Structure formats: structure tokens, C-alpha cells
Amino acid sequence: MAEKEVQATTHTKTHNVRFYNLTPRSIQSMAYNNLWHKLALSRDDGSIEIWDMQHASYLERVIPKSPGQSVEGMAWAAERLFSVGLTGELVEWDLQLLKPRRQQYATGNAVWCIDVNSTGTVLAIGTEEGYINIFDVDNDEMQYKQLFDKQEGRVLCCKFDRTGEFLVTGSMGAIRIWDAKSGHALHKITLGYTEKKKEVIVWSIQVLSDFTIISGDSRGQVTVWDGKMATQVESHQVLKADVLTVVVNEEESLLMCSGIEPIIRIYAKTKIKRDETECYCWVKFLQRSVHDHDVKCLISAGERIFSGGMDGYLGISSATKLSSTIAKYGPFLKKPCAVASPGSRLLLLRYTNYLEIWRLGSTDGRPPLVGEAPEEPHVDAQKPHKSKQKTKETERKVYALSNAPEKLLEFKSHHEESITCANISPDGQWLCYSTQKTIRFFRFVPAVPDKHDTQLARIHGLPKQFTVASHLIFSSDSTRLFLVQPSTRQIHVFSIVNDGSTDLDFVETIETSKHIKDIINHFIVSECGTYIVAAGTDRTIAVWSIFKGKHFKHHLNMPRYTAITTALAIETKNTPRLVAAFSDGKIIEYDLEEMCFTCSEREYFVDNAETHCVTNILLDSRNSNNIILHNDAYLYVLEKVSVSKSENGEVVEANKAGKKLKHIVSDSKVCGLRLKFKKSYEHLISLCWLSTDELVAVGVNPVTLIEQLPDVFKQKKYGVS
């Protein structure tokens, strides 16, 4: 951990935490819903993530892993999500309760692949023992319908044609074309053997509207077949090893493939004239280097390619030559996954099934040792950033640690279940975490040198309203605990009576179902404890406030915006104001008393707003005009500025370089924002206040993720032995 200090009239120290060592979780499969712009991806631990892809990619909800759960394939049927895995079950998921809605075992043990016909009414799955099971999923049902003839070997991939009358499957050494009504195989295409005399494995299948079949296999070849005649049309040696995934775009003009060799190759359907005849062939068009390890799945969505594989990164790249932008999203947990305890200078780090509590380091103001390269400074809360000249006021220094950070506690959840949320009280005395099945409340006593070790005591006899939670928040004075119940979306409020017996008393329940119709995605409580704000995945933001000094009453619902809310912050020191960020780059400030917008701005100052949304917002208690926010790649300090309209209705404001920045503000009373400071990061996971002049920045070093992965596919390069 490095600690930096900004020398200025008012300075800010920043603790840079680099000991949050997550384990990379590879992406096993993906499915995209074009209608709702939702991407579902499964990881090797059995968890499923739902990403909102309408604007910048945002992790909307997570279905935690469960013991023995495996997800090898997924498919959308309208707004319904289905998955299959090695347990041999077909599962339909409840995307509000984040647990199975229906489950049914298939014939043939482990299930390797799944596909839904174009109308979303029939679903096919292929199994380990060579059975193909057909299910009717029309009218919100999941009924077993038919079993195809048994084939030799496991069914590794399957795909309906556009009409739904035929099903094409790939397996060891063969491609089969099935009649979907009778369940009999019409054609069997034999692929033969590799150079090492092993059967060719067909890993991926695509079927075009003219019944052309495209396959990717273990030889590294992509082969095009005439599905009507069951004959080969053309073949391409795309990779030097297995082609694990093949997709085509909606217009069927581009073919994308990848696999063991981590390169995404793109082929274009091109008309070629030979002698006096014309024909269409697939010709090399582009290639993208997005990942460092095996690519297991590809999705084509418009001009974007979604990719995932062994390294656990979700990659987004362009399928056209007009843009070469590549965005990557690491295998990180849904935020918040790091919480600071200001009163005791502790930091809680959440992992998939265990927690760590660290005591942060401190400095006595000494410079680092000679030879240590100081990192680029962090945040200046008052002074504008000057890139060309550095005065004594704006000079930023790196200080050595007099006391190193210390891990006080590491403990696993009950039965090692996936932890959905966890929190530590600001005074550091209380710890709470929840899984989908259990919730635990503890008294925590940090270790004191030469006196006692770290102590953790579970509290029993809790109120019946103290149930599993999706969000847990302590009040700033550590006297109250707020809990969001995921199934009912109720907010339960508890009072912590610290009189030696450690009673947790139930205070009240806040009903949210009238105001939020979907999962509560963000939940914050003001520092004064007067306001509660909750944002749902249905684009609603609801606010509750203390009524007559006793109980919470619904205060207002913010005007619903078209993009999903990605971050919230509230400040009540001067006037109660709510700041929110959305996935399209828009940032607003709302006065909760006057019930009006006081600041509205959109994406002109954020370099990567189209790919990375704002994931966290902090407000500066020393300067109400400052808004600190960050995403995965950048930290920004923004400053509110008054703006004036030009004759054509545009708002014009001059920045420091003298350039005029244009943006639209609907109300002349609404302020704009300007960029005050920017710093790049590789992976900035969390940023929170430790005191009025101290920040804690938690980052993940991508090198630590790569080091935990197996060796990548090795190949000789020209001039290297």
C-alpha cells in the first residue's frame, strides 16, 4: 500500500490499496437478448452475471454460485433465461429473486449445449450420453416434449435453423442434421481424424438463413457446409489449434471465430468472380487481439463483438474497420466490495465466499527510500490541476509508511456460500454479512499489540425481521443498521443498543414495492440519517425522509431516466442534494428540498463514457462544488460552474485552455460541470472517505490476475527458436 499526500491549502491523503487479490473466474458461456439489450454470462464457479449493454456496459445483477452448480450453456427465450450444466438439469432463472424458477432433469446425464428456436417456443439441449431433449417453453411453461434418437458420443453444440424445422448438432467426429418433428437424423457428415489420428471435435455450430452450416473444430478449421446436400463448400485454417466458438452477425455478412489461440478473426462474405461465374466466399477481413488466453465464447451484437474466456475478462471490440476501440471488464464482484471504517481506520474486503479486515497503514511524513519511483499523485480537492507548471501549493508527494497495513481477520462464510453483501460499522465494532440463505451479525474487537488478539463474537437472538439481505448499511454514528430484503424489497431498520448485552432492536419496515418494481440496485443513507435513497433496475430512484423526527416516509420519486442508474451519492451539510450517474454518461444533481435539478451534464468531459460507466460518486464536505467520481479506468474531480446560454440555445463555457465546450442544459438555472482533475487507473475498484482529508483507493493489479492463469497456447514466432 502506498500513501500519498497532496500539499495545498487543503490537502488530501490517499491510501492506495494493492492487496485486494481476487481470483480470476473464467467465462464459460454467454447469451445475448437483443430486445432488452441484456448480456448473460456464466463463470467457472457457477455464478451468472446479467449485464445491461444498452449504453456503457454495466453489471446489473448477479446470480450467486450454489454448491455443485455448473453452467455450460445459456439461452434467452424472450425475457426468460435458461441454462444447462454438468448436473444434468435444465434451469429457468428467476431474475428478480436471483434463484432457480423451474428445474427439470434431462435424459443423458450432463448437459453440454442449449439452443432456442427463432420464435422462442421450443428449446433443445444436448447431453453427455448422446441424447437430444426437446422442451416446450411457450406460454410461460417448461414442458418436456420429445427425445431424439440416441447418437454415439456427447452432443457438444446444437443450433436450430431459422424455420425451426431442423436442428444441427456437433459432436466427436460428426455433424448431424435432424428433423425437429420426427427426431430422426437426416444426414451425418463425418469429419475424419486429425494429424495425430484423433477424432475431430466439433466445438461450435452456426446455421444461416439459407441453411448453410458453419462449424469450428479441434483442427483449428472453420468449415462451410451446404446443409441441404450435406456437402462441404469451403474450409479455412483459421487457427493453429481448436476453434471453440463461431458466430455470424445478424445480416450474415460477417463471420467471427476464436478459440485456443487468443485472436478473434473476422471473415467477410464476398462476391468472387471465377471465369464466367460468380460465387460468394468468406474472405479474411479483420482480426482483434482482445484477450491473453483461450476465448470460449463470442456474441455478435450490431457492430460490437462480445467475447469472454479463460482470463475472465468481458471484452467488447468492433466488427468494422471504422472503429478499433477495445474495452475490457475484469472478473470483479458487484460493488460495493470494499468498505472503510473511519473510526478505527479499518478496511473490509469482500471476496466470493470470505471476508478480510485490514488495519490501514500510516505515515510520519518521511519521503520514500532512494530509488523508489513516486507514483503519479492523486486528488487535489481545492486547486486545479496544472500539468505544465508545479508550484509548492500543487506539488504532490509520496510518503513512506511508518506502519504497514496489517491483516486482522480472514474468515469464510457459513458453508462457504457466496456472500451477497457485507459491511463494517464506522466505529469498527460491528460486522455483518449475508448470503442467499443466511445472515450473520458479529461484535468485532481489533487486535491490540501486547494486550489481546482480534476477537469476533457472533450475536444470537436477533429479531425475526433480521433476514437475508441484498444491501447492508450502518448509520454514520453506528447506532442503526439498514437492511434490504431481496424478495420483498422491504427496507428493515434496526437500532443497535450497545449496553453490554448487544441487543439489536427492530425499529420499522419501509415498503418500497409501490415505488420500485424491480431489484434494488443501489441503496444509500445520508450521513445525518435523515434520507434514504434506493435505485432500481427499472430506472426508478426513490427517496424517503424522516417524518416528524420518528419514522421514514416516502419523500419523492425522481423523474425516470432512459438509462440505468450506475452510482448515487447524497450530501445534507448545506442543502440536501442527490447526485446520480447513468450508464449513458449523464450526471445530475437534484435538490431534495426544492425538488428541482441544480446540475445536469452529459459525458463531454469523460473520455471513455461510451464504454465504461461511472461506478462510484463521492462528495467533498469541504467544497460543495466538487464532485469526485470514478469508473474502472479513470478518476475524475469535477467542479460545478454557472453557465449561460448562447443565442442558439447552446451552453458555452470556457475551460482552462481557453477552448469553448458546448453542451445542452434545459434550464438556465441549472449548473454545468467542468473537469478539474483526471487520473488514469488500470482497475479502480473502490474509492471512499476515511476522514475529511483522507481517501482510500482500492485497486486490482491485472498482473496478479494473469499470474494465476494456466499457460497460454504456445506457438513459435518467426526468428525465435
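The values are calculated or read from the model by the stated rules, or taken from the named source; none is laboratory data. None of the values given here were measured: they were computed from a predicted structure. No Cβ is skipped: glycine too gets one built from the backbone with ideal geometry, and neighbour counts run over all protein chains shown. Surface accessibility is based on the protein's heavy atoms, side chains included, excluding ligands, DNA and RNA. Shrake-Rupley method; radii C 1.70, N 1.55, O 1.52, S 1.80 Å.
So how many residues does region 129-146 have that are open to solvent by less than 70 Å² (accessible area, probe 1.4 Å) and either out of contact with any Cys (no Cβ under 8 Å at 6 or more places or on another chain) or among the aromatic types (F, W, Y) (or both)? The total comes to 10.
Please enumerate the residues belonging to region 644-703 that are of a type in the set (V, I, T), open to solvent by 70 Å² or more (accessible area, probe 1.4 Å) and modelled with pLDDT of 85 or more. Please lay out each step first, then the result.
We begin by selecting, within region 644-703, every residue of a type in the set (V, I, T); these are 651-652, 664-665, 670, 685, 692, 696, 698, 700, 703.
Okay, now just the ones that are also open to solvent by 70 Å² or more (accessible area, probe 1.4 Å), so 664, 692, 703.
Listed by number, the residues that qualify are T692, V703.
In region 190-213, is there at least one residue being among the acidic types (D, E), in contact (Cβ under 8 Å) with a residue 12 or more places away in the chain, in contact with a Phe, Trp or Tyr (Cβ under 9 Å, 6 or more places away or on another chain) and surrounded by fewer than 16 Cβ atoms within 10 Å (Cβ to Cβ)? No, region 190-213 contains no residue that is among the acidic types (D, E), in contact (Cβ under 8 Å) with a residue 12 or more places away in the chain, in contact with a Phe, Trp or Tyr (Cβ under 9 Å, 6 or more places away or on another chain) and surrounded by fewer than 16 Cβ atoms within 10 Å (Cβ to Cβ). Within region 540-586, the set of residues being surrounded by 16 or more Cβ atoms within 10 Å (Cβ to Cβ), under 25 Å from the mean Cα position of the chain (by Cα) and not hydrophobic (A, V, I, L, M, F, W, C) comprises T540, Y561, T565, T566, S583, D584, G585, K586.
Which of the residues that make up region 619-643 are within 18 Å of N574 (Cα to Cα), part of a strand (DSSP E or B) and open to solvent by less than 10 Å² (accessible area, probe 1.4 Å)? Talk me through it step by step, then tell me what you get.
Start the filter on region 619-643 by keeping residues that are within 18 Å of N574 (Cα to Cα), which leaves 619-628, 639-641.
Filter again for part of a strand (DSSP E or B), leaving 619, 626-628, 639-641.
Across region 619-643, the qualifying residues are N626, I627, I628.
When you check V122 against the structure, is it modelled with pLDDT of 95 or more, open to solvent by 20 Å² or more (accessible area, probe 1.4 Å) and under 20 Å from Y32 (Cα atoms), yes or no? Let's see the steps before the verdict.
Numbers: modelled with pLDDT of 95 or more: yes; open to solvent by 20 Å² or more (accessible area, probe 1.4 Å): yes; under 20 Å from Y32 (Cα atoms): yes.
Yes, satisfied.
Which residue is surrounded by the most Cβ atoms within 10 Å (Cβ to Cβ), if the candidates are limited to region 426-481 and must be on the phi > 0 side of the Ramachandran plot and touching a Pro at 6+ places or on another chain (Cβ under 7 Å)? Among them, the one singled out is G428. S324 versus (1) more than 30 Å from L618 (Cβ to Cβ); (2) in contact (Cβ under 8 Å) with a residue 40 or more places away in the chain; (3) among the hydroxyl-bearing types (S, T, Y); (4) open to solvent by 40 Å² or more (accessible area, probe 1.4 Å): which is the lone unmet condition? The single condition S324 does not satisfy is (2). Restricting attention to region 215-225, does a residue exist that is part of a strand (DSSP E or B) and more than 37 Å from the chain's Cα centre (by Cα)? Yes, the conditions are met somewhere in region 215-225. Of all residues in region 26-42, those being over 18 Å from D538 (Cβ atoms) and either hydroxyl-bearing (S, T, Y) or not in a strand (DSSP E or B) (or both) number 5. Of all the residues in region 482-510, those that are more than 31 Å from the chain's Cα centre (by Cα) and open to solvent by 60 Å² or more (accessible area, probe 1.4 Å) number 7.
Can you find a residue that is out of contact with any Lys or Arg (no Cβ under 8 Å at 6 or more places or on another chain) and either open to solvent by 50 Å² or more (accessible area, probe 1.4 Å) or part of a loop (DSSP other than H, G, I, E, B) (or both) anywhere in region 252-259? Within region 252-259 (the criterion being out of contact with any Lys or Arg (no Cβ under 8 Å at 6 or more places or on another chain) and either open to solvent by 50 Å² or more (accessible area, probe 1.4 Å) or part of a loop (DSSP other than H, G, I, E, B) (or both)), the answer is no, since none of the residues qualifies. Here T9 meets the list (1) surrounded by fewer than 17 Cβ atoms within 10 Å (Cβ to Cβ); (2) at pLDDT 95 or above almost entirely, failing just condition (2).
The set of residues in region 36-74 that are open to solvent by 40 Å² or more (accessible area, probe 1.4 Å) and either touching a Cys at 6+ places or on another chain (Cβ under 9 Å) or more than 22 Å from H415 (Cα to Cα) (or both) comprises W36, H37, Q54, H55, E72. Answer yes or no as to whether N33 is under 30 Å from T363 (Cα atoms) and open to solvent by less than 20 Å² (accessible area, probe 1.4 Å). For N33, the condition - under 30 Å from T363 (Cα atoms) and open to solvent by less than 20 Å² (accessible area, probe 1.4 Å) - is not met.
For (1) part of a strand (DSSP E or B); (2) at pLDDT 90 or above; (3) open to solvent by less than 60 Å² (accessible area, probe 1.4 Å), each residue gets a yes or a no:
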position: E356; (1), (2), (3): yes, yes, yes
position: P367; (1), (2), (3): no, no, no
position: K390; (1), (2), (3): no, no, no
position: E393; (1), (2), (3): no, no, no
position: V398; (1), (2), (3): yes, no, yes
position: K407; (1), (2), (3): yes, yes, no
position: A422; (1), (2), (3): yes, yes, yes
